[in-house]
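One structure below.
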Amino acid sequence: MPGDGESAGGSYLDLRRRLTERDRSLHEKVVTLEEAAALVKDGETVGIGGSTLSRTPMAMIWAVIRAGRKRLTCARGITSSEGDWLLGSGACEHIVTSWFSQGIVWGISRVMRYHVESGGVRFDEWSHMAMGLRFRAGAMGVPFLPMRSMLGSGVLQQRPEAREMDCPFTGDRLLLVPALNPDVAFIHVQRCDPYGNAQMDGLQFLDIDLAMAANRVILTTERIVSNDQIRRAPDQTKIPFFAVEAVVEVPFGCAPHECSGVNEPLFRHMDYYTSLVNKDPVKGMAEYLEHYIYGPKSWAGYLELLGLETLLEAAKGGRRVSNA
Amino acid sequence: MPEERHYTASELLAVMSSRLLEDGQIVFAGVGIPLLAATLAQGLHCRGLTILFEGGVIGPNIEPGKLPPSTNEQRCTIRANMVLPSTDVLLLLQRGYVDVGFMGGAQIDQFGNLNSSFIGDPARPKTRLPGTGGGNDIASLVQMIVAMKHEKRRFVEQVDFVTSPGFLRGGTTRRDSGLPAGGMYRVVTDLGLFGFDEETRRMKILALHPGVTIGQVQENTGFELAVNGEIPVTEPPTERELAVLRNLDPQRLYTS
């Protein structure tokens, strides 16, 4: 079934209604990480911003796992170790993505393998461009977009949700990929104002389409800046306030992944993490969850466990981007 | 293997594939050997070659010793000409701006199809691999170069799963499936250089690396390779090629 398990479904008018139900005025919406996690309901479809090890909304995912959310469907262009966390904790049982492992340098995620091969988790594979166009169709308010890849492949055979058609104008064979409108998007940015006007540095990945496709956006941000500061450079604003439901200030909110201009990935921690969970995807993951996710009192406590030296080293690497 | 080689198999792969690139081309590159080879080509005979990264980067400036570990991180953006959404850089493939797609491969078959999704039956996979990423988009839309280690378990008659399409079942099946553009152009391995027959679309030997025999290649391949006439031998990597390459990857992260 098209869109099966991916969104609340319903008609085009339902999709519009979910936006108009929200307060879209220019109002402050700053909340804590815990309050933001409480806005996510069991069984919802979550679109996750960033890609692979970059600008991953780690703190938000960490908070949602701690809040005990269940049966989430998670969609992201490329999935990395945040996907391990979501599967290992039992928060997510359905992943929609183009690629899932911790990162090329660490080989194949044993956590992903364990959960997918045992049949406990559904892993829907789409090409990266298909993921992008599905979010774009969602952002455009149309039910699908046509594209020219995936045709003839095994990837398409696994995806009955997509449909082939001959173009009514040219006769060309095309693939139609269905819009993906997540219930909620988690997106981490370098800065935004208390209303949710978000500015993003570096690679945007699929985030802007994701933000506009989702029924609501939860923003985490390195820092909250004034609305005046946003208005001084409106050309830098990539997500408008009225798409945003909540704003949380979380410095180093992507750790141990990177945030452009802020920090590079915490490679030492990623090495430790991947060796732990790839050795034993059940016990290793349980150990990580206990110590790093459920253990700390706050996100600052998680960062403390990562270690100040590791964090500062990553931050030094992060600043290099604007100083090359 | 030739005795007393003063380069590694990965260095051989990088050098041999860099020679396939031409000045002025726009190359959509994966990380590892493809990126290394494209950057090497830029340092040698292709000053005007442009690299694209899946994360959304046009024309990055790759710093020696600081190769990005994925195509999706800030290191890819340093001193680039442009960053754009990942969807839009992938759409450049569809629009037709890109000359060559350049990737590594886990498993390839006689028609150049690549598998990076499943080992075994997809319904009950023995191993779930990471999946396509942008691989399917690149292989569907542009001419492809694949660089990979030559091993029997990687060169199979038929892949368990077509993640990134080559010529599908050979002949005109690729075009008939709605993929009129692109296709597998070259496969570079540590044993030789391979192309595809114009009619049957089966893989054929184009050249062997120094000291490698046809028998040795066939022994490491899970299907019959076509051989047409005299097979030339590639020129071994030159000192200059190796020097530029080693400067790019001084820690030998990708070329050990």
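Structural remarks
- For chain B, the 222 nm mean residue ellipticity estimated from helices alone, with every DSSP H stretch of n ≥ 4 adding -39500 (n - 2.57) and the total spread over all residues, rounds to -6500 deg cm²/dmol.
- Rounded if a/c under 1.5, otherwise prolate or oblate - region A:123-206, Cα gyration tensor axes: prolate
- Alpha-carbon centroid distance for the pair region B:91-126 / region B:157-218, whole angstrom: 12 Å
- Dipole magnitude of region A:45-185, debye to nearest 20 (Cβ charges: Lys/Arg +1, Asp/Glu -1, about Cα centre): 300 debye
- Global geometry of chain A, whether rounded, prolate or oblate, following the gyration tensor of its Cα atoms and the 1.5 cut on a/c: oblate
- Inter-chain shielding of A:54-62 (mean C-beta neighbours from other protein chains, 10 Å cut-off): 1
- Exposure proxy ranking, count of Cβ atoms within 10 Å, fewest first, for A:I218, A:I65, A:I239: A:I65, A:I239, A:I218
- Residue among A:A139, A:L308, A:S51 farthest towards the positive dipole end of chain A, charges placed on Cβ: A:A139
- Shielding by partners - mean other protein chain Cβ count within 10 Å, residues of A:116-128: 5
- Long hydrophobic helices in chain A: none of the complete DSSP H runs spans 27 Å or more by Cα along its own axis with mean Kyte-Doolittle hydropathy of at least 1.6.
- Counting Cβ atoms of other protein chains within 10 Å of each Cβ in B:80-86 and taking the mean gives 5.
- Global form of region B:9-248, assessed from the alpha-carbon gyration tensor, a/c cut-off 1.5: oblate
- Here the alpha carbons of region A:24-115 define both size measures, Rg and Dmax, at 13.7, 46 Å.
- Farthest toward positive dipole pole in region B:9-248 [+1 Lys/Arg, -1 Asp/Glu at C-beta], among B:G215, B:A123, B:I62: B:A123
- In this Cβ point-charge picture (+1 for Lys and Arg, -1 for Asp and Glu), region B:65-170 has a dipole of about 320 debye about its Cα centre.
- For region A:85-146, the calculated P(r), taken from all Cα-Cα distances in 10 Å bins from zero up to the bin holding the longest distance, is 21, 41, 28, 11 percent.
- Lys/Arg +1, Asp/Glu -1 at C-beta; region B:68-177 dipole; positive extreme among B:L114, B:G166, B:M82: B:L114
- Considering all different alpha carbon pairs of the protein assembly as shown, the Kirkwood hydrodynamic radius works out to 24.3 Å.
- Out-of-range pairs (alpha-carbon distance over 20 Å; input B:K149/B:K204; A:K279/B:K126; A:K41/A:K297; B:K126/B:K204; B:K152/B:K204; A:K279/B:K152): A:K41/A:K297; B:K126/B:K204; A:K279/B:K152
- Largest first, the extents of the alpha carbon coordinates of region B:1-123 on the three principal axes equal 45, 43, 25 Å.
- Burial ranking of peptide ranges A:88-95, A:255-262 (average Cβ count within 10 Å, highest at the top): A:255-262, A:88-95
- Fewest-first sequence of A:V177, B:V227, B:V142, A:V321 by Cβ atoms within 10 Å of each Cβ: B:V227, A:V321, B:V142, A:V177
- Under 5 Å, built H, 5+ apart or other chain: amide partners of A:A246: A:V217, A:L219
- Chain A: calculated mean residue ellipticity at 222 nm from DSSP helix runs of at least 4, using -39500 (n - 2.57): -9000 deg cm²/dmol
- Whole-Hz couplings from phi, Karplus 6.51/-1.76/1.60, listed for region A:26-41; x for Gly and Pro: 7, 10, 6, 9, 7, 9, 7, 4, 5, 5, 5, 4, 5, 7, 9, 9
- Taken about its Cα centre, the protein assembly as shown carries a charge dipole of about 600 debye when Lys and Arg each add +1 at the Cβ and Asp and Glu each add -1 at the Cβ.
- For A:T310, neighbours were defined as the other residues whose beta-carbon sits under 15 Å from its Cβ, and their charges (Lys and Arg +1, Asp and Glu -1) total -4.
Since every read-out is calculated from the coordinates, none of them should be taken as a lab result. Quantities reported herein were computed from a predicted structural model and do not represent experimental measurements. Backbone-built Cβ (ideal geometry, glycine too); neighbour counts: all protein chains shown.
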